Amino acid sequence: MIIIPKEKPVIENMNSYYLNMGRLFEHYQGELGSGCIYFKSVSAEGIIFFDKDDLLNGIFRDYDGEIIGKAAIDGFMKTVEHKSCVVTVYKIDPETIYFWANLPRSERIYKDLSTEFTDLQGLINKMSSEKLTGFIDVSIEDSEDCGLIFISSGRIIGGSFSWGKGKLNHSEESLQILLEKTKVSGGTFHVSSIPMNEDGLEGDSKKNGWQYSSDTVRYLEELLNIFENTVKSNKKIKAGFSILLKKKFMKLANKYDFLDPFAAEVEYSRQKLTFKGKATEEDLANGITESVKILADELGIRHQLEDNLGAWSKQHSDDLAKFGIKIL
């Protein structure tokens, strides 16, 4: 299933005849950090998701069917090289690129639900109660307005809206706008589920890290993403973020043994957090957040980080309160 962001693209309607796709990906990996490139020809279409380091996942569709993963990336490159295609580039927030990278694996479970028989708020409540991990695709009747509502383990984690600005939108306001539009103008809904294994979300290959072992790991990954971006935006900090974080983990390993880099239980690389240890979620959350707080103070960026964490802190206030954590 090919799902593209609803926001306005960074650039659109480029002709592949004039493009070197390898260099195009390299350019936008550096320019955007994370996003996707969508192409469409007379006989095929596809989308590839990328972060600053890798091409993460994709889906390719032609007359022979659909393929996902590395084969999709290969099919994408060959088609664009040999056929005339229209190419469009979208920015995707780095905090959620790995959720997007899982979308090609989604399976539609309800289609063409209409406001004539279905209330969108009621549908959201039903999917939340069923602990859906997936999304609701919403189209407004007789309008170009549309939106995607992303749900992880029954909890809304944001959305992509046609009036948005290219980032995962956490605001309640945007969701309320979508709900109101469906009430006033009517709409059509499709619900898709992303298959999960016992470890949570994964991609075409676990080695690429397209997985969350739990909600706690997911929101701690988001925390580290924001912290990393804050550190990198400060030109006075010369050391690499990975080195700084590992050093801080090492200093706290006496208190939280799972943070010991040599134990390899906690790994944060390429904006992905993985945890393979046996510590409780509470201990993991406390160990990570304490490392962030101490390191932010040492680097003199506490207030800057606090500002950048505003939306994240609000979204996960219940999660943090559960473990008695005050991040800053």
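Here are some notes:
- The residues of the stretch 120-154 that are under 16 Å from GLN176 (Cα atoms) and touching a residue at least 60 places away in the same chain (Cβ under 8 Å), listed by number, are LEU120, LEU123, ASP137, CYS146, GLY147, LEU148.
- Within the stretch 133-167, tally of residues that are out of contact with any strand residue (DSSP E or B) (no Cβ under 6 Å at 6 or more places or on another chain), small (Gly, Ala, Ser) and either part of a loop (DSSP other than H, G, I, E, B) or loosely packed, with under 14 Cβ neighbours inside 10 Å (or both): 4
- Among all positions in the stretch 151-158, there is at least one residue which is modelled with pLDDT of 85 or more and at negative phi.
- When residues of the stretch 262-283 are limited to those that are of a type in the set (Lys, Arg) and at pLDDT below 80, the one surrounded by the most Cβ atoms within 10 Å (Cβ to Cβ): LYS276
- Any hit, the stretch 204-225, residues being over 26 Å from LYS52 (Cα atoms) and at pLDDT below 90: no
- Spans of helices (runs of 4 or more DSSP H) in the stretch 56-132 with at least 2 residues β-branched (Val, Ile, Thr) and either modelled with pLDDT under 90 or crowded, with 17+ Cβ neighbours inside 10 Å (or both): 70-82
- Helices (runs of 4 or more DSSP H) (entirely within the stretch 259-328) containing at least 2 residues that are closer than 13 Å to TYR219 by Cβ: 281-299, 310-315, 317-322
- Test for LEU19: is it crowded, with 19+ Cβ neighbours inside 10 Å and in contact (Cβ under 8 Å) with a residue 12 or more places away in the chain: no
The values are calculated or read from the model by the stated rules, or taken from the named source; none is laboratory data. Predicted model, so just to flag it, every value in this text is computed and none were measured. So basically every Cβ, Gly included, is an ideal-geometry build from the backbone, and we count neighbours across all protein chains shown.
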